[in-house]
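Structure provided below as structure tokens; questions to follow.
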Amino acid sequence: MLYSAMGKFKRIIPTLCAGMSQMAECCAENTDLKSILAQKIPKEIEKVKNFRKSHGNTKVGEVTVNMMYGGMRGIKGLVCETSVLDPEEGIRFRGLTIPDCQQVLPRAPDGCEPLPEALFWLLITGDVPTEEQTRSVSKQWAQRAHLPEHVTCMLKNLPKHVHPMSQFSAALTLLNTESHFVKAYNCGVNKTKYWEFVFEDTMDLIARIPVIAAMIYKNTYKDGCVPDIDESKDWSYNFTQMLGYDDPQFTELMRLYLTIHSDHEGGNVSAHTCHLVGSALSDPYLALAAGLNGLAGPLHGLANQEVLVWLEKLRQQVGDKYSEEQLKEFIWKTLKAGQVVPGYGHAVLRKTDPRYTCQREFAQKYLPDDPIFKLVSSVFNVVPPILKELGKVQNPWPNVDAHSGVLLQHYGMRETNYYTVLFGVSRALGVLSSLVWDRALGLPIERPKSISTDTLIKLVGAESEKSRTPC
Ligand code: CMX
């Protein structure tokens, strides 16, 4: 039985849906995700093999000197199946936009937002799951959530001033005692079977992450008690209960939040790091921990913490009745101090991030009168023209991080240092889905070539420039 919203969706995007329903129909009765992947993987391996055979030496782009010094921006150097980021349109998860996902992915019985379990199924298989398939993932994650004593003990004993992202990364690193992949590798498993163990680690990891995240929250800011998981409920419900939030609206927000932060194609810092570290056959626990260490940087995921801190400073200065002039003055002060306006700009996007837009829609629906939401909206009117005026900013529009904090604080989560942990819980869905496919396709260790400036100068035939460089 196909999920009921599929019919509605087919009317919206007929061509895409024809392919999708075909794919889904062949697997729709099956709730065993691993066996579905086992059917798909050989076909995908064959497809890539044939493609490389016929087009292995076809050029897909060129590399300029600026690209090499400029963070490899624009170099097509990675393959990522789970999502694609269009500069104008924003993210598509396996071809579906965020509004598409909101329409077709299964929801909780009492909810309107997609379940992250369903998004995970979509990311890893390419199919929209049925309600039964989604429920089977919720159940598996609830059943796999147990943490070993050494991890809970370490978390309990960390000083409270250790940043929640450092706690998160440390816990994941320590948790690799549980890795199926490590055990299988040490027993000499055949490499064609690596993906199966990475898949098992992925399922365990995603199951355990909300417990780790809740422990960090409760130990650092509250009473340290984390309630048991209810196996009949979904991943986000259990997570919000463990965090100590009883409000069904906050749970709905988490379902949306955990869905939209999951994946942003392969080249962003967290995704690329996880892929890179995994390519050395470091296990999924270590690869994810590495990715999250990247997410913890203020130019990447930590920007959502930075935004709220920045908004709070702004609010302290201007209060709740402010003029555009006051906002402009504050923004210019930030820029003149040599800082970035957090939550604005993007390395790939050139329009407002649809992840910003859907969070704004959530705020308009549930918290239209929240003073910080109003401030976020006013800032949106003022920042882009100023960033354009600077002349160097490629994208003056807001990204996902400009809006997430205001929603969290509205429901009482005011611990800004914690916000990136929520981002990390979600990001695990995307980067681990890709990691399973990396091992399934047998991708090799990543090792691009680097050269020195002098070699580069020689390579492009600019030796005369070299002689002009100061000693
Ligand atoms: N405020 C001020 N200056 C900005 C800016 C912003 N929001 N965004 C870009 N710029 C500046 C850059 O710092 C750079 O200046 P210099 O040439 O003096 O170094 C110049 O504009 C060109 O940068 P760009 O090509 O437009 O942007 P990049 O691809 O190099 O960087 C990003 C992208 C996101 C790091 C940058 O826009 C930024 O720092 N934004 C603020 C932090 C933020 O919101 N990060 C979250 C991104 C989303 C995520 O990963 O979660």
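If I filter segment 191-206 for residues that are out of contact with any helix residue (DSSP H, G or I) (no Cβ under 8 Å at 6 or more places or on another chain) and over 28 Å from THR31 (Cβ atoms), do I get at least one hit?
Within segment 191-206, one or more residues are out of contact with any helix residue (DSSP H, G or I) (no Cβ under 8 Å at 6 or more places or on another chain) and over 28 Å from THR31 (Cβ atoms).
Which of the helices (runs of 4 or more DSSP H) contained wholly in segment 124-197 include at least 3 residues that are among the charged types (D, E, K, R)?
Qualifying helices (runs of 4 or more DSSP H): 131-143.
Looking only at segment 341-360, filter to residues that are within 11 Å of the ligand (Cβ to nearest atom) and in a helix (DSSP H, G or I); which one of those is nearest to the chain's Cα centre (by Cα)? Can you show your working first?
Here is the first cut: in segment 341-360, the ones within 11 Å of the ligand (Cβ to nearest atom) are 341-350, 353, 355-356.
Next cut, in a helix (DSSP H, G or I) only: 355-356.
Working: ARG355: 11, TYR356: 14 Å.
Ranking the candidates gives ARG355 first.
Collect the residues in segment 229-274 that are within 16 Å of the ligand (Cβ to nearest atom), open to solvent by 10 Å² or more (accessible area, probe 1.4 Å) and either of a type in the set (Ser, Thr, Tyr) or assigned to a helix (DSSP H, G or I) (or both), keeping them in residue-number order.
Across segment 229-274, the qualifying residues are VAL269, ALA271, HIS272, THR273.
Also, I was wondering about something else. Please specify each residue of segment 52-81 satisfying the condition of being on the phi > 0 side of the Ramachandran plot and open to solvent by 90 Å² or more (accessible area, probe 1.4 Å).
Scanning segment 52-81 gives a single hit, MET72.
Could you please give the count of residues in segment 204-224 that are open to solvent by less than 10 Å² (accessible area, probe 1.4 Å) and either modelled with pLDDT under 95 or aromatic (Phe, Trp, Tyr) (or both)? Step through it out loud before you land on a result.
Filtering segment 204-224 down to residues open to solvent by less than 10 Å² (accessible area, probe 1.4 Å) leaves 205-207, 209-210, 212-214, 216-217.
Those still in the list that are either modelled with pLDDT under 95 or aromatic (Phe, Trp, Tyr) (or both) too: 217.
Counting residues in segment 204-224 that are open to solvent by less than 10 Å² (accessible area, probe 1.4 Å) and either modelled with pLDDT under 95 or aromatic (Phe, Trp, Tyr) (or both) gives 1.
Do we have any residue at all in segment 428-450 that's part of a helix (DSSP H, G or I), within 16 Å of the ligand (Cβ to nearest atom) and of a type in the set (S, T, N, Q)?
Looking through segment 428-450, none of the residues is part of a helix (DSSP H, G or I), within 16 Å of the ligand (Cβ to nearest atom) and of a type in the set (S, T, N, Q).
If you scan segment 206-243, which residues turn out to be closer than 19 Å to GLN133 by Cα and aliphatic (A, V, I, L, M)?
Scanning segment 206-243 gives ILE206, ALA207.
Take the conditions more than 10 Å from the ligand (Cβ to nearest atom) and surrounded by fewer than 17 Cβ atoms within 10 Å (Cβ to Cβ) and apply them to GLY338. Does it pass?
Taking the combined requirement at face value, the residue does not satisfy it.
Sticking with this structure for a sec: If we keep just the residues of segment 281-298 that are of a type in the set (A, V, I, L, M, F, W, C) and in contact with a Leu (Cβ under 9 Å, 6 or more places away or on another chain), which is nearest to the ligand (Cβ to nearest atom)? Steps first, please.
Taking segment 281-298 first, the residues of a type in the set (A, V, I, L, M, F, W, C) are 281, 286-290, 292, 295-296.
Filter again for in contact with a Leu (Cβ under 9 Å, 6 or more places away or on another chain), leaving 286-290, 292, 295-296.
On the way: LEU286: 22, ALA287: 19, LEU288: 17, ALA289: 18, ALA290: 16, LEU292: 13, LEU295: 8, ALA296: 11 Å.
Top of the filtered list is LEU295.
Conditions (1) touching an Asp or Glu at 6+ places or on another chain (Cβ under 7 Å); (2) modelled with pLDDT under 95; (3) small (Gly, Ala, Ser); (4) assigned to a helix (DSSP H, G or I), marked per residue:
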| position | (1), (2), (3), (4) |
| --- | --- |
| LEU292 | no, no, no, yes |
| GLY297 | no, no, yes, no |
| ASN304 | yes, no, no, yes |
| GLN317 | no, no, no, yes |
| ASP320 | no, yes, no, no |
| GLU325 | no, no, no, yes |
| ILE331 | no, no, no, yes |
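Scan segment 306-315 residue by residue and report those that are open to solvent by 30 Å² or more (accessible area, probe 1.4 Å) and in contact with an Asp or Glu (Cβ under 9 Å, 6 or more places away or on another chain).
GLU306 - this is the single residue of segment 306-315 that is open to solvent by 30 Å² or more (accessible area, probe 1.4 Å) and in contact with an Asp or Glu (Cβ under 9 Å, 6 or more places away or on another chain).
Still on this structure: Could you tell me whether segment 417-424 includes any residue that is within 12 Å of the ligand (Cβ to nearest atom), of a type in the set (A, V, I, L, M, F, W, C) and surrounded by 18 or more Cβ atoms within 10 Å (Cβ to Cβ)?
yes
Restricting attention to segment 112-144, which residues are of a type in the set (A, V, I, L, M), under 13 Å from TRP235 (Cα atoms) and within 17 Å of the chain's Cα centre (by Cα)?
Within segment 112-144, LEU115, ALA118, LEU119 qualify.
Between ALA363, ALA402, which is within 22 Å of the chain's Cα centre (by Cα), more than 10 Å from the ligand (Cβ to nearest atom) and open to solvent by less than 30 Å² (accessible area, probe 1.4 Å)?
Residue meeting the stated conditions: ALA363.
What are the pairs with Cβ atoms under 9 angstrom where one residue, in segment 49-74, is in contact (Cβ under 8 Å) with a residue 12 or more places away in the chain and aliphatic (A, V, I, L, M) and the other, located anywhere, is surrounded by 12 or more Cβ atoms within 10 Å (Cβ to Cβ) and part of a helix (DSSP H, G or I)? Sequence gap at least six, or different chains.
Listed by first residue and then by second, the contacts come to VAL65/LEU456; MET68/LEU456.
Among the residues of segment 106-124, are any among the hydrophobic types (A, V, I, L, M, F, W, C), within 16 Å of the ligand (Cβ to nearest atom) and either open to solvent by 70 Å² or more (accessible area, probe 1.4 Å) or in contact with a helix residue (DSSP H, G or I) (Cβ under 7 Å, 6 or more places away or on another chain) (or both)?
Looking through segment 106-124, none of the residues is among the hydrophobic types (A, V, I, L, M, F, W, C), within 16 Å of the ligand (Cβ to nearest atom) and either open to solvent by 70 Å² or more (accessible area, probe 1.4 Å) or in contact with a helix residue (DSSP H, G or I) (Cβ under 7 Å, 6 or more places away or on another chain) (or both).
Looking at (1) aliphatic (A, V, I, L, M); (2) modelled with pLDDT under 95; (3) surrounded by fewer than 19 Cβ atoms within 10 Å (Cβ to Cβ), can you tell me which one VAL84 breaks?
Result: VAL84 fails condition (2) only.
The values are calculated or read from the model by the stated rules, or taken from the named source; none is laboratory data. Quantities reported herein were computed from a predicted structural model and do not represent experimental measurements. Neighbour counts run over all protein chains shown; Cβ positions are idealised from the backbone, glycine included. All accessible areas refer to the heavy atoms of the entire protein, side chains included, with ligands and DNA or RNA removed. Shrake-Rupley method; radii C 1.70, N 1.55, O 1.52, S 1.80 Å.
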